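Taking it in order: structure first as structure tokens, then the write-up.
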Amino acid sequence: MRTPESLKEYLKPEEYKLYALIYARAVASLMAPAKLNSTTLSLDNNGYEFKASGSVIQFDGYLRVYGAYEKQSDEILPVVTVEEKLLSKDIQKSQHFTKPPARYTEAKLIKELEELGIGRPSTYASIIDTIVTRRYVDTVDKAFKPTDSGLLTNEKLVQFFESIINVEYTAQMEKELDEIAEGEDDYVHALTTFEDKFEPLLENAYENMEQIQPEKTGETCPECGGDLVIRKGKYGDFVACSNYPTCKY
């Protein structure tokens, strides 16, 4: 019964705001859900049609208490009747362009893996660690952005191993591993079947995948006189001799 208003005179302004939020949240959790109708208003004026999309509240429920603290994704529209005349206070024009899908965050990627049936909760951390450690992706604003190395790796894997590197095959393999663990399938048979399919793909990749030559720096190796090139390592790019492993510079 200690409402925020009854305690306001005893609290500092920031304490009052926090207590009011906690109080509203606690009370709202005991109230019925709100009921809203998704609505589009079509407004005709001088031969032009204007549209306003949003929601009309049919029953405010918990919003009566918590509405001030909850951001609505939809615009709340007034209840109107057909043929009712409305006076526009403000008309805004906006131009929209198609946007690409949002990049994966760690949470969104794990959710996608779960929905596709790939991996297990115990493997999600290692999956994320692998793509970051090997620099297949960079983290930009908490989202994964593919690096040039990641894009190239994906392109070549799809080109030469498409039949086994796809979400359907991976999900099926997860199911097969479960069957082996439960004794419903034989691991030797499963491995043999996989190897029979994988070996020809690997041989084809060795023979036909284009080798990317490292970028030359224009300098020569001080130890053997060979060209110095830029190579990629675990911790980023580094300069090394093109004659490796003969020359270790």
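What about V56, is it in contact with a Ser or Thr (Cβ under 9 Å, 6 or more places away or on another chain) and open to solvent by less than 90 Å² (accessible area, probe 1.4 Å)? Here the answer is yes, as V56 does meet what is asked.
Sub-7 Å Cβ pairs linking a first residue in segment 7-19 that is closer than 18 Å to Y69 by Cα to a second residue that is surrounded by 13 or more Cβ atoms within 10 Å (Cβ to Cβ), at least 6 apart or interchain, are Y16/P4; Y16/K8; Y19/P4; Y19/L7; Y19/L11, ordered by first then second residue.
Looking at segment 149-161, is at least one residue at pLDDT below 90 and either hydroxyl-bearing (S, T, Y) or over 28 Å from E112 (Cα atoms) (or both)? Yes, the conditions are met somewhere in segment 149-161. In segment 231-249, the residues that are under 18 Å from E219 (Cα atoms) and aromatic (F, W, Y) reach residues that are open to solvent by less than 90 Å² (accessible area, probe 1.4 Å) and part of a strand (DSSP E or B) with C-beta atoms within less than 7 angstrom, at least six apart or across chains, in these pairs: F238/R231; Y249/A240; Y249/C241.
With the structure loaded, tell me whether A107 is assigned to a loop (DSSP other than H, G, I, E, B), of a type in the set (A, V, I, L, M, F, W, C) and under 18 Å from the mean Cα position of the chain (by Cα) or whether it fails that test. It is false that A107 is assigned to a loop (DSSP other than H, G, I, E, B), of a type in the set (A, V, I, L, M, F, W, C) and under 18 Å from the mean Cα position of the chain (by Cα). Close Cβ contacts (under 7 Å, 6 or more residues apart or on different chains) running from residues in segment 143-165 that are touching a residue at least 60 places away in the same chain (Cβ under 8 Å) to residues that are outside any strand (DSSP E or B) and surrounded by 14 or more Cβ atoms within 10 Å (Cβ to Cβ) comprise S149/R135; S149/Y136. Suppose we filter S88, S163 for residues that are open to solvent by less than 100 Å² (accessible area, probe 1.4 Å), part of a loop (DSSP other than H, G, I, E, B) and closer than 30 Å to N37 by Cα; which single one remains? Answer to the selection: S88.
Across segment 193-249, which residue is least open to solvent (accessible area, probe 1.4 Å) among those that are part of a helix (DSSP H, G or I) and farther than 15 Å from I164 by Cβ? Explain how you work it out, then say what you get.
Here is the first cut: in segment 193-249, the ones part of a helix (DSSP H, G or I) are 193-208.
In the following step, the residues that additionally are farther than 15 Å from I164 by Cβ were identified as 206-208.
On the way: Y206: 176, E207: 143, N208: 90 Å².
In this case the residue turns out to be N208.
Residue pairs whose Cβ atoms lie under 7 Å apart, separated by 6 or more positions or on different chains, with the first residue in segment 109-127 and on the phi > 0 side of the Ramachandran plot and the second surrounded by 13 or more Cβ atoms within 10 Å (Cβ to Cβ) and part of a helix (DSSP H, G or I), are G117/A171; G117/E174; G119/L113; G119/I127.
The values are calculated or read from the model by the stated rules, or taken from the named source; none is laboratory data. In this text the structure is predicted, and so the values were computed from the model without any measurement. Because the Cβ atoms are built from the backbone with ideal geometry, glycine has one as well, and the counts that use them run over all protein chains shown. In case anyone asks, the SASA skips ligands and DNA or RNA and just uses the protein heavy atoms, side chains included. Shrake-Rupley method; radii C 1.70, N 1.55, O 1.52, S 1.80 Å.
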